[in-house]
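Report on one structure; see the data block that follows.
The values are calculated or read from the model by the stated rules, or taken from the named source; none is laboratory data. A quick note: this is a predicted structure, and the numbers were derived from the prediction, not measured. FYI the Cβ positions are ideal-geometry reconstructions off the backbone, even for glycines, and counts take in every protein chain you see. Surface accessibility is based on the protein's heavy atoms, side chains included, excluding ligands, DNA and RNA. Shrake-Rupley method; radii C 1.70, N 1.55, O 1.52, S 1.80 Å.
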Amino acid sequence: MELLLRQWRAEDAFALQRCADDREIACFLRDVFPHPYVLSDAEYFIKACLQEPKEEGLHYAVEVDGALVGSIGLCVGKDVACRSAELGYWLARAQWGRGIMTEAVTRMCHAGFEQLDLLRIFAEPFSSNTASRRVLEKNGFVLEGVLQHSVYKWGRVMDACVYALLRP
Ligand SMILES: CC(C)(COP(=O)(O)OP(=O)(O)OC[C@H]1O[C@@H](n2cnc3c(N)ncnc32)[C@H](O)[C@@H]1OP(=O)(O)O)[C@@H](O)C(=O)NCCC(=O)NCCS
């Protein structure tokens with residue numbers, strides 16, 4: 001299996017839409033990730049990634065054996081949070097459980113500390129998101145706390161977990 005994190009391309013929009021239009025992915029993400037996920041959502045997302053100034057974040061397409069299978073990104077904070085970044089990711093359901101995102105997170109964190117000169121990378125999976133929590137734990141992220149009832153998603157109240165990885 002060959003894993004590649006690469007820049008987004010305008011022509012990824014069709015494949016992105018097909019992978020991202022999945023309730024089982026959307027249910028673990030913020031509402032800014034649309035559901036249903038239509039072609040214009042994919043085009044808008046790719047354009048935004050390509051236009052973002054480099055110092056504000058890194059956004060990569062996740063490719064396995066030449067096919068687009070997901071997305072991973074770091075969003076740099078503002079003001080005094082300017083050396084922290086939030087990590088976000090998702091993977092097409094057909095690819096789950098192969099260790100792909102664990103490896104993608106390893107590479108992304110390395111890029112974040114090196115290219116963005118970050119001190120801290122954090123993520124906030126919903127507490128019920130066991131797979132995402134495992135991905136973070138396997139990458140050395142530490143659970144700093146639980147934000148109780150901080151999430152209201154599709155009519156349900158949930159907790160979010162704050163995980164962070166400090167610059168080595
Ligand atoms: C989270 C996500 C990216 C994980 O990607 P992945 O490539 O399948 O993850 P990996 O295969 O690298 O690792 C998953 C780990 O979680 C474990 N896992 C998965 N589902 C699990 C479950 N229901 N209960 C317990 N462990 C589970 C796997 O066994 C594996 O751990 P292990 O190596 O110790 O066995 C993928 O499930 C996804 O896209 N989910 C929807 C979107 C999302 O949640 N994004 C993150 C928001 S914070």
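Note on W96: accessible area is roughly 120 Å² with a 1.4 Å probe, heavy atoms of protein only.
Each residue was assigned an accessible area with a 1.4 Å probe, and for D117 the value is about 70 Å².
Would you tally the net charge around E11, using a Cβ to Cβ cut-off of less than 14 Å, leaving E11 out, and scoring K and R as +1, D and E as -1? Intermediate values should be presented prior to the final figure.
Numbers: positive: R6, R9, R18, K47; negative: D12, E43, E63.
Result for the neighbourhood of E11: +1.
Structural descriptor for the chain: relative contact order 19 percent, calculated from alpha carbon pairs under 8 angstrom and at least 6 residues apart. As a fraction of the 1.4 Å probe accessible area of the chain, surface on carbon and sulfur atoms comes out at 53 percent.
May I ask for the longest run of the chain untouched by trypsin sites (Lys or Arg not before Pro) that are loop-located per DSSP and have at most 16 neighbouring C-beta atoms (other than their own) within 10 Å? The segment 99-168 is the longest one with no such site.
Pull out the extension gain between K47 and R167, defined as 0.36 nm times the separation in residues minus the alpha carbon to alpha carbon distance; nm, one decimal.
Details: separation 120, 0.36 × 120 = 43.20 nm, distance 3.00 nm.
In short, 40.2 nm is gained.
I'd like to check one number: the per residue accessible area of the chain, probe 1.4 Å, reported in Å² as a whole number. Provide the component values of the computation, followed by the final result.
Numbers: 9320 Å² over 168 residues.
On a per-residue basis, the chain sits at 55 Å².
Under 22 Å of direct C-alpha separation, and excluding same-chain neighbours fewer than eight residues apart, K47 reaches these lysines: K78.
For V151, the residues whose modelled amide H falls within less than 5 Å of its own, excluding neighbours fewer than 5 places apart on the same chain, are M158, A160.
The HN-Hα couplings worked out from phi for region 26-33 by the Karplus form 6.51 cos²θ - 1.76 cosθ + 1.60 (θ = phi - 60°) are 4, 5, 9, 10, 5, 5, 5, 8 Hz, whole numbers, x standing for Gly and Pro. Let me make sure I get this right: for region 12-162, a, b and c are the square roots of the gyration tensor eigenvalues over alpha carbons, sorted descending. Under 1.5 in a/c it's rounded, otherwise prolate if a/b > b/c, else oblate. Which is it? Rounded shape, in that the Cα axes give a/c under 1.5.
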